[in-house]
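Heads up: the structure comes next, in structure tokens.
The values are calculated or read from the model by the stated rules, or taken from the named source; none is laboratory data. These numbers come from a predicted model, not from an experiment. For neighbour counting, all protein chains shown are included, and Cβ atoms are generated from backbone atoms with ideal geometry for every residue, glycine included. Ligands, DNA and RNA are stripped out before the accessible areas are found, and what is left, the full protein with its side chains, is counted by its heavy atoms. Shrake-Rupley method; radii C 1.70, N 1.55, O 1.52, S 1.80 Å.
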Amino acid sequence: NEQTSIPHVYAIGDVVHTCPELTPVAILAGKLLARRLFGGSGETVEYRNIATAVFTPLELGTVGLTEKEAAEVHGEDAIDCFIASFSPLEWSITDNH
């Protein structure tokens with residue numbers, strides 16, 4: 001819910017502290033907010049399921065719950081955790097790495 005503490009004032013996009021700062025996410029949030037305000041919809045953005053990435057020399061991508069959050073929601077015995085390593089794309093097209 002993008003409702004602020006002020007009636008009839010909403011916040012979406014980069015100004016929302018707990019949401020990913022991604023243009024497509026802000027666009028979706030705006031569309032869904034408009035549908036809720038003017039179209040009778042109840043659909044909201046599920047921010048937890050948005051994949052994000054950090055593009056640095058050591059790239060990192062995440063999506064979904066953290067291991068701790070998953071254990072709290074589903075129980076320790078109901079989760080499996082997988083860690084995968086990948087070579088950067090530029091390393092796969094040249095022998096100079």
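Odds and ends about this structure:
- As a fraction of the 1.4 Å probe accessible area of the chain, surface on carbon and sulfur atoms comes out at 57 percent.
- Backbone N atoms of the range 29-51 closer than 15 Å to the 7 Å Cα→Cβ label point of residue 8 belong to residues 37-38.
- Were the residues from residue 51 through residue 34 laid out at 0.36 nm apart, the gain over their Cα-Cα distance would be 3.8 nm.
- Averaged over its residues, the chain has an accessible area of 84 Å² per residue, based on protein heavy atoms and a 1.4 Å probe.
- Range in the chain, longest, excluding exposed chymotrypsin sites (Phe, Trp or Tyr not before Pro) [loop by DSSP; at most 11 other beta-carbon atoms within 10 Å]: 1-54
- Point-to-point label distance, residue 1-residue 62, nm (Cα→Cβ direction, 7 Å offset): 2.6
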